[in-house]
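Taking it in order: structure first as structure tokens, then the write-up.
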Amino acid sequence: MDALIEQPTQERPRGALAIDPAHAREGLPQVAHIPETSLFRNLEISAQRYPQKAAIRFHGAALSYAQLLREVESLAGFLQHGCGVAAGDRVLVFSQNCPQFIAAYFAILRADAVFVPVNAMLLHDELEHIVNDSGAVAAFVASELLERVTPFIGTGSLRKVVVHAYGDVLGEDDASLPVADWLRTQVAEAELPRGAVSWRSALAQGLAPAPHRAGPDDPCMLPYTSGTTGRPKACVHTHRTVMTSCAGSSLWRRTNPSSVYLAVAPLFHLLGLQNNVNSAIFWGGTIVLMPRWDREAAAVLIERHRVTFWAALPAMLVDFFAQPGIEARDLSSLSMVTGGGAATPQHVNDLLKARYGLDYVEGYGLTESASFLCANPVHKPKKGCLGVPTFGVDLRIVDPETLRPVAQGDTGEIVVHAAQIMLGYWNQPEANAQSFIEIDGKRFFRTGDLASTDAEGYVFMRDRLKRMINASGFKVWPAEVEAALHAHPAILEACVIASPDSRRGETVKAIVTLRAGSSEGSDSLLAWCRAHMAAYKAPRIVEVVDELPKSATGKIAWRELQEQECLKLRAEPEPDPVPVH
């Protein structure tokens, strides 16, 4: 793999990882033993152990572990022999949640290639950057997204596209769980563009892959994360870094082969992929897959399939428990509800505890850490808390300028040394130089998050050194949105901030000034944003002002605007809590 990143010189943590003895209590072991194998081997082993067990349930259909492994083997053969994919080549997956997404992911790993997940909401410019930056040679694409990819086929590195349809894997219609029209899509082979082939045709060729050779230290995925420069950066993860996160989080959260996972968080994000796919396949559990968030469908599926594990964003929980009749649903199978990324309303925490005896067990991770660094102990969680450092994680709170440790209770930047930290950013030597530091002879990653610890070692988020907005779990970087806004002919200056939102946690707000003579209104600017940016990035609020505040050096005082927004909305009354029955 031709990654232009500097490899760490010191030995990376391997094998058995320990946690602070003070936190290893009430069922948590002192050591997590991490498999020294590729992620694909997890599927292979589970298929040998539980061949007839349902690996995936999706709209009335069930795919067994044996069936899933057969599909993965055939697709890996097609990648190698039908697409010319070699070890270390990058392959995109551009799709909503569906069984084909999971099969494509493991087929890429089986072929010794590198998985590149792509947010299904990305538009042309954002997608073009990822295609070109990753140098992807092939892609798996959902049929409704094909037109976005077609312009790139054959114009650069992208040679072949495999197109799947959600309708190909639907089970029988179920009146209690209606199927949306967009899920009934089919692929017309004759209408596919040059360089594209249908999923069914790829499988039908029955091509056998070469022996699997990837080991724990081979690259396995390039998930993209945005930065303050406004251009998405890819994190170089190996089978070891992802396995460390997956195995550690599975042990910490006490899942097992009988666990049933409600998978609704997008699989193109590591939150969804790690918690709901890698963890389930690691144990041989069952994935109950939802293509998109639907609160009524979620309630039906939890009840019907006796879901035990739900990784849910706070915004999902707020919406879920606000639906009429939820108190009549049997949710007694749930044993773990976990998540993070935004503050959880207290009334939701109270409802979970009073009605179901459950705590919302929050955690903390980054794309750069394969989604797992801190988590609350299951037996002793604290509200609004990131938890404690997990297996093998050396987490320190330092002064962002001096990099010296701060006192307990004081706010500083989170820096971490852990086996799940990425090798570095793909083709970004400057970003790597800024993001990694050495302390006590060890390589630490600078998270850019500001936090403090209490007397028991629990970590509490205080602020963000980087200006990230967290909208329903989607990370939005103001610099990227501001750069897009500046392409509008009427906009003179723009400042993007987070506006607190009861449903999304935070939503994107743009404060703009207009060029002389322009009379653009907020509605037309909002429409333009929706047409030119992914839905989660596009501002939901646009405020037109005469002038933006500036610092002494002439920079827009974004922090001042952010504080004004928080103070203004803090004065508004909170919504009535959901009653507990």
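The values are calculated or read from the model by the stated rules, or taken from the named source; none is laboratory data. Everything numeric in this text was worked out from a predicted model, so none of it was measured. Backbone-built Cβ (ideal geometry, glycine too); neighbour counts: all protein chains shown.
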Residue, farthest from GLY84 (Cα to Cα), within segment 171-198, restricted to residues that are loosely packed, with under 13 Cβ neighbours inside 10 Å and in contact with a strand residue (DSSP E or B) (Cβ under 9 Å, 6 or more places away or on another chain): GLU172
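Which of the strands (runs of 3 or more DSSP E) contained wholly in segment 21-100 include at least 3 residues that are closer than 24 Å to CYS220 by Cα and in contact (Cβ under 8 Å) with a residue 24 or more places away in the chain? Give the derivation first.
Working: elements: 31-33, 54-58, 61-64, 90-94.
Counting at least 3 such residues, we get 90-94.
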Hey, ASN349 without any contact (Cβ under 8 Å) to a residue 40 or more places away in the chain and of a type outside the set (Gly, Ala, Ser) or not: yes
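Yes/no matrix, rows are residues, columns are (1) without any contact (Cβ under 8 Å) to a residue 60 or more places away in the chain; (2) part of a helix (DSSP H, G or I); (3) touching a His at 6+ places or on another chain (Cβ under 7 Å):
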residue: GLU493; (1), (2), (3): no, no, no
residue: PRO500; (1), (2), (3): no, no, no
residue: THR507; (1), (2), (3): yes, no, no
residue: ILE511; (1), (2), (3): yes, no, no
residue: SER519; (1), (2), (3): yes, no, no
residue: ASP523; (1), (2), (3): yes, yes, no
residue: ALA531; (1), (2), (3): yes, yes, no
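For segment 133-142, does any single residue satisfy the condition of being assigned to a helix (DSSP H, G or I) and assigned by TED's automatic domain parsing to the domain that holds HIS212?
First pass over segment 133-142, keeping only residues assigned to a helix (DSSP H, G or I): 133-134.
Among the residues that remain, those that are also assigned by TED's automatic domain parsing to the domain that holds HIS212 are: 133-134.
Yes: segment 133-142 contains one or more residues that are assigned to a helix (DSSP H, G or I) and assigned by TED's automatic domain parsing to the domain that holds HIS212.
Residue check: is LEU317 at pLDDT 95 or above, assigned to a helix (DSSP H, G or I), within 17 Å of SER472 (Cα to Cα) and of a type outside the set (Phe, Trp, Tyr)?
Working: at pLDDT 95 or above: no; assigned to a helix (DSSP H, G or I): yes; within 17 Å of SER472 (Cα to Cα): yes; of a type outside the set (Phe, Trp, Tyr): yes.
Against the criterion (at pLDDT 95 or above, assigned to a helix (DSSP H, G or I), within 17 Å of SER472 (Cα to Cα) and of a type outside the set (Phe, Trp, Tyr)), LEU317 does not qualify.
Could you tell me whether ALA455 is over 21 Å from the mean Cα position of the chain (by Cα) and part of a helix (DSSP H, G or I)? Full working, then the answer.
On the way: over 21 Å from the mean Cα position of the chain (by Cα): yes; part of a helix (DSSP H, G or I): no.
So ALA455 does not fit the description; no.
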Residue check, ARG443 of a type in the set (Lys, Arg), farther than 24 Å from ARG240 by Cα and touching a strand residue (DSSP E or B) at 6+ places or on another chain (Cβ under 8 Å): no
For SER201: the one exception among (1) of a type in the set (Ser, Thr, Tyr); (2) within 30 Å of GLY340 (Cα to Cα); (3) surrounded by 14 or more Cβ atoms within 10 Å (Cβ to Cβ): (2)
Qualifying residues in segment 368-411 (those that are among the polar types (S, T, N, Q), in contact with a strand residue (DSSP E or B) (Cβ under 8 Å, 6 or more places away or on another chain) and modelled with pLDDT under 95) - the one surrounded by the fewest Cβ atoms within 10 Å (Cβ to Cβ): GLN408
